[in-house]
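Take a look at the structure below.
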Amino acid sequence: GLPPMPPPVLAPRRPTRQIKVGKVMVGGDAPVSVQSMTTTLTSDINATLQQIAELTATGCDIVRVAVPSQDDADALPAIAHKSQIPVIADIHFQPKYVFAAIEAGCAAVRVNPGNIRAFDDQVKEIAAAARDHGTSIRIGVNAGSLDKRLLAKHGKATPEALVESALWEASLFEEHGFRDFKISVKHNDPVIMVRAYEMLSEACDYPLHLGVTEAGPAFQGTIKSSVAFGSLLSRGIGDTIRVSLSAPPVEEVKVGLQILQSLNLRPRKLEIVSCPSCGRAQVDVYKLADAVTAGLEGLEVPLRVAVMGCVVNGPGEAREADLGVASGNGKGQIFVRGEVIKTVKESDIVETLIEEALRLAEEMPAG
Ligand code: SF4
């Protein structure tokens, strides 16, 4: 038969150059990748590798580590070698750490334009070393560390200032024929951030790394990042993303993956379709949805499970999903692929749904 149709997306990806971040391609037709950053001391090799392993297991594609000291730089060879995913060294000030990261086998190095003047005359050497080792660069412009000259010119970190800064630093590398970089123009205000990326995407075809910086604690940060990334990705802008949360980095990866899945930029995995509940509900929908979500955590198959509170929309949604329950009268009608397979008492709903979900999952190819 015919291959299945790919799920619809809101807009085609904007064409960008493709670069290599270790084994992960960024830009062009490569899938949008998800990044996070370790919170351990990079010099603590074991703790850092442990956190990278957790991030990898959660679905992180690329990880960044901070390199503020010589001890951190010294840890890079072991980390780059043992990490299962490409490692980017994040370097703000010392060019010597940039060389150390390239020598260490890091997949990429992130540099900050606000500080690049300090190593202006070493851009040529950095470009040469990066080219020799197949290392790419991220030009990371950040509102909080914008070049003083541009701050003075624009008054504050406007979208124009962020973009001018990024293009200026890109030109420093372009002068030496080096173009294997991606660019970010981060701001903590999603509106300024979105505008900056729009302008940048019109001004160049470098792959873009999306980020709302200092987005805040999990709830606020998730919303700010989702709104900003959604606005850009839905128009094809953005090649790799990092959700910044004041929360453990695995949470950043979960949010990032969920954003991509929502936009069909990643295959959807487990999806719980649950109703908000209302005055008609004949069962505690929140508890039911939480229990089903918890029971199915980690299930890596595309499965839509509907958890519905009553018979108004319940049967309809439950029928549309792979699996579902429509509750009422202390009972739950269990649907599998559109058919009622049984009716169970309320206390057995969760167990039955989990059982059926695992049975369906076994019939599906993983992926
Ligand atoms: Fe209310 Fe029923 Fe709709 Fe849930 S399914 S929101 S309980 S009408």
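The values are calculated or read from the model by the stated rules, or taken from the named source; none is laboratory data. Fair warning: this is a prediction, and the values are worked out from it, not measured in the lab. Counting neighbours? That spans all protein chains shown, and the Cβs are built from the backbone with ideal geometry, glycine included. With ligands, DNA and RNA removed, areas are computed over all heavy atoms of the protein, side chains included. Shrake-Rupley method; radii C 1.70, N 1.55, O 1.52, S 1.80 Å.
Each Lys or Arg adds one and each Asp or Glu subtracts one; over the other residues with Cβ under 10 Å from the Cβ of K182, this totals +1.
Across the accessible surface of region 146-265, with the other protein chains kept in place and a 1.4 Å probe, carbon and sulfur atoms take up 56 percent.
Using 0.36 nm per residue, how much length does the chain from D284 to E339 gain when fully extended, once their Cα-Cα distance is taken away?
17.5 nm
Note on H133 and W168: their simple-model spin labels are 2.8 nm apart, each label 7 Å out from Cα toward Cβ. In this structure, the amide hydrogen of R110, modeled 1.01 Å from its nitrogen in the peptide plane, lies closer than 5 angstrom to those of A89, D90, I91, R138, counting only residues at least 5 positions away or on a different chain. Ranked from largest to smallest solvent-accessible area, with a 1.4 Å probe on the protein heavy atoms, C275, C106 come out as C275, C106. Counted by Cβ distance under 12 Å from L55, the other residues give a net charge of -1, where Lys and Arg count +1 and Asp and Glu count -1. Remark: for residue pairs K20/K124; K20/K186; K96/K156; K20/K254; K96/K224; K148/K182, the C-alpha separation exceeds 26 Å in K96/K156; K96/K224. Under 5 Å between amide hydrogens, built in the peptide plane, is the criterion, and for A215 it picks out S244 among residues at least 5 positions away or on other chains.
Comparing A104, A152, A247 in a Gaussian network model of the chain, where Cα atoms under 10 Å apart are tied by springs, the biggest mean-square fluctuation is seen for A152.
Mean sequence separation of contacting Cα pairs (under 8 Å, at least six apart), scaled by the length of the chain, corresponds to a relative contact order of 13 percent.
Per residue, the accessible area of region 239-284 comes to 44 Å² when a 1.4 Å probe rolls over the protein heavy atoms. Karplus-based coupling profile of region 65-72, in residue order and whole Hz: 10, 7, 10, x, 9, 4, 4, 5, with θ = phi - 60° in 6.51 cos²θ - 1.76 cosθ + 1.60 and x standing for Gly or Pro. Among residues other than A170 with Cβ under 12 Å from its Cβ, the summed charge is -2 (Lys and Arg +1, Asp and Glu -1). Extending 7 Å from Cα along the Cβ direction at R17 and again at S262 yields two label points whose distance is 3.2 nm. Couplings 3J(HN,Hα) for region 163-170, derived from phi with the Karplus relation 6.51 cos²θ - 1.76 cosθ + 1.60 (θ = phi - 60°), are 5, 4, 4, 5, 5, 5, 5, 4 Hz, where x marks Gly and Pro. Note on the chain: GNM, Cα springs under 10 Å; of Y286, Y206, Y97, the largest mean-square fluctuation is that of Y286. Quarter the surface of the alpha carbon convex hull of region 10-128 and you get the mean projected area, 8.3 square nanometres. Taking amide H positions as modeled 1.01 Å from N, with prolines and chain starts lacking one, the residues under 5 Å from G22 and 5 or more places away or on another chain are S136.
Length available on full extension from R179 to E362: 0.36 nm per residue minus the Cα-Cα distance, which gives 61.3 nm. Distance between the C-alpha centres of region 184-212 and region 320-367: 43 Å, rounded to the whole angstrom.
The slack between E125 and D348, meaning 0.36 nm per residue of separation minus the straight C-alpha distance, is 73.6 nm. The residues of region 1-79 present an accessible area of 52 Å² per residue when probed at 1.4 Å with all protein chains retained.
Size estimate for the chain follows the Kirkwood approach: the inverse of mean 1/r over distinct Cα pairs works out to 22.3 Å. The three principal axes of the Cα atoms in region 89-236 give end-to-end lengths of 40, 33, 28 Å, sorted in falling order. Of the residues P190, P249, P315, the one that moves most in a GNM of the chain with alpha-carbon contacts below 10 Å is P315.
Taking R0 as 30 Å, what's the FRET efficiency between E202 and S69 from their Cβ-Cβ distance, rounded to 0.05?
For E202 and S69, the calculated efficiency is 0.20.
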